[in-house]
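Where a number appears in this text, it was derived from the coordinates with a stated rule and is not lab data. No experiment lies behind these values; they were computed from the predicted model shown. With ideal geometry, Cβ positions are generated from the backbone for all residues, glycine too; neighbour counts draw on all protein chains shown.
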C-alpha cells in the first residue's frame with residue numbers, strides 16, 4: 001500500500017508527534033509499503049519541498065508559523081492548514097495517489113484536507129488522536145467556554161467525522177467519548193504510543209562535561225514546555241531540592257512557557273535547574289543518553305488522559321522515570337505495576353521531592369527502574385505491534 005501520513009510536526013522537530021510518525025513510517029517501509037509523509041514547514045523558502053529520507057518520501061509545505069507563534073497567530077495559521085496544503089500540494093497529490101490516510105491530531109484542522117483526499121483517492125482514513133483539544137485547554141484554564149470554544153469544538157467533531165477509525169492512546173480516553181455520546185458514533189480503539197526498538201547509534205555528545213554536570217544526578221525533561229505540562233511543577237521540585245548538592249534539573253525544548261519560567265528561575269535564584277534551547281532529533285537522543293532520570297509533568301487539572309511521547313525516549317534509553325501527573329491517569333498504575341518509575345499526583349510536592357531524593361541517593365534503584373522501563377517499552381510500546389494493529393484494519397486494501 002501507499003500510505004499517506006499527515007502531521008503538523010516532522011523531523012528534525014523534537015516534538016513527540018514527529019518521532020511517532022517517523023517511526024511508524026519507517027516500520028511501514030520495512031514491511032514493504034510505501035509511506036509518504038506530508039507536513040507543514042515554516043522554514044522552507046519555496047511553496048513546497050519534496051525529499052527522500054530513510055526511504056520515505058516527504059512533502060513539506062510552506063506555511064505560517066505554528067510552534068513558535070503566539071496563541072492567536074498559531075490558531076490562525078492552523079485554521080488555514082488544510083487549504084494551504086491542498087493548494088500547494090495538489091500536483092504532488094495528483095502524482096501520488098494513496099491507499100490509506102493516517103493523520104495525527106493535534107492539529108484539529110486537518111479534516112477538510114482528509115475528506116478531499118479520501119474522495120480523490122477513494123480510500124480510508126485512520127486518526128491517531130493525541131491530546132484531546134479543546135478539552136484540555138478548558139481544563140487548564142487557557143480557554144473559556146464561549147464562542148471560540150464552540151468553534152474549536154465544531155472543528156474537533158469534524159476531525160472525528162473525517163476518520164474511519166479513531167485511535168486513542170489510553171483506556172481512560174474512552175470515557176471522554178462515552179461522556180460526550182461519541183462512543184457509538186465512531187469506531188474507536190485503544191493503541192498505546194510507540195517507538196522503534198531497533199538500536200540506533202547516535203553520535204556521542206559531551207553535554208555533561210560542557211555544562212559542568214560530571215558529579216550530578218541529572219533529571220532530564222525533553223519536549224514541549226507549555227501549559228499542559230505545568231513545568232512550574234518541576235521548578236518547585238528544583239526549589240525543594242536546592243540543598244541537594246548532586247541533584248540537577250535540565251529541561252530541553254521550546255514552548256509558550258519558556259520565557260516566563262526562565263524569569264521565575266532567575267527570580268528564585270535557582271542554580272540547580274536550566275532550560276536549554278531545542279536541539280535536533282539525533283542530538284536530543286544523544287543528550288538524553290548521557291543523563292540519569294527522565295522527568296514527566298502534567299497539569300493536575302487535566303481530565304483527558306495521555307501518555308507523554310517523551311516517555312518513549314526515556315524508556316528506549318533505559319532511564320528511570322520520575323512523574324508527577326494528573327489524577328486518574330492510567331500512566332501511574334502502569335509504571336508502578338511494572339516498577340519502571342516513581343509516580344505521584346501533581347500537587348503532592350513533598351512526595352515528588354522525596355522520590356527525587358531517593359533516586360539521587362540510590363544508583364541501584366535508578367538502574368533497576370531503568371531496566372524495567374526498557375522491558376516495558378519492548379513489551380507494550382513496540383512500533384511493530386502498532387503498525388500491525390493499524391494495518392490489520394485495512395488488509396483488504398492492496
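Between residue 161 and residue 289, what's the calculated FRET efficiency when r is the beta-carbon distance and R0 is 56 Å? Round to 0.05.
Working: r = 42 Å, r/R0 = 0.75.
Efficiency computed from Cβ-Cβ geometry: 0.85.
Once R0 is set to 35 Å, what does the formula 1/(1 + (r/R0)^6) return for the Cβ-Cβ distance between residue 277 and residue 215, expressed as a FRET efficiency to the nearest 0.05?
Numbers: r = 24 Å, r/R0 = 0.69.
Calculated transfer efficiency: 0.90.
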So, with points 7 Å from each Cα along the Cβ direction, the residue 198-residue 54 label distance in nm works out to 0.8
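What shape does region 80-189 take by its C-alpha gyration tensor, where a ≥ b ≥ c are the square roots of the eigenvalues and a/c under 1.5 counts as rounded, a/b above b/c as prolate, and the rest as oblate? Let's see the in-between values first.
Values: a/c = 2.53, a/b = 1.51, b/c = 1.68.
Verdict is oblate for region 80-189.
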Output ordering of 127-136, 18-27, 263-272, 214-223 (per-residue mean of other Cβ within 10 Å, highest first) is 18-27, 127-136, 214-223, 263-272
Taking Cα atoms only, helix 147-161 is inclined relative to the longest principal axis of the chain by an angle, in degrees rounded to 10, of 70
The simple spin-label model distance between residue 45 and residue 174, using points 7 Å out along Cα→Cβ, in nm, is 5.3
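Quick check on the exposure proxy: order 13, 313, 392 from fewest to most C-beta atoms within 10 angstrom. Walk me through the numbers before you get to the answer.
Working: 13 20, 313 24, 392 8.
With the sparsest Cβ surroundings first, the list reads 392, 13, 313.
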In terms of the alpha carbon gyration tensor, root eigenvalues a ≥ b ≥ c, rounded if a/c is under 1.5 and otherwise prolate when a/b exceeds b/c or oblate, region 207-380 is rounded
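Which of the peptides 240-251, 292-303, 379-390 is most tightly packed, and how do the rest follow, going by the mean number of other Cβ atoms within 10 Å of each residue?
292-303, 240-251, 379-390
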Rounded to the nearest 10, the angle in degrees between the Cα long axis of helix 363-380 and the longest principal axis of the Cα atoms of the chain comes to 10
For region 207-380, averaging the sequence separation of alpha carbon pairs under 8 Å that lie six or more residues apart and dividing by its residue count, the contact order in percent is 23
To the nearest 10 degrees, the tilt of helix 111-121 (Cα long axis) against the first principal axis of the alpha carbons of the chain is 50
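Place the peptides 330-337, 98-105 in order of packing, highest mean first, counting for every residue the other Cβ atoms within 10 Å and averaging per peptide. Provide the component values of the computation, followed by the final result.
Numbers: 330-337: 16.9, 98-105: 23.6.
Put in order of decreasing packing, that is 98-105, 330-337.
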per DSSP, antiparallel bridges as share of beta bridges in the chain, % nearest 5, sits at 10
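At a Förster distance of 22 Å, what's the computed FRET efficiency of residue 389 paired with residue 30, Cβ-Cβ distance as r, to 0.05?
Values: r = 15 Å, r/R0 = 0.70.
That pair, residue 389 with residue 30, gives E of 0.90.
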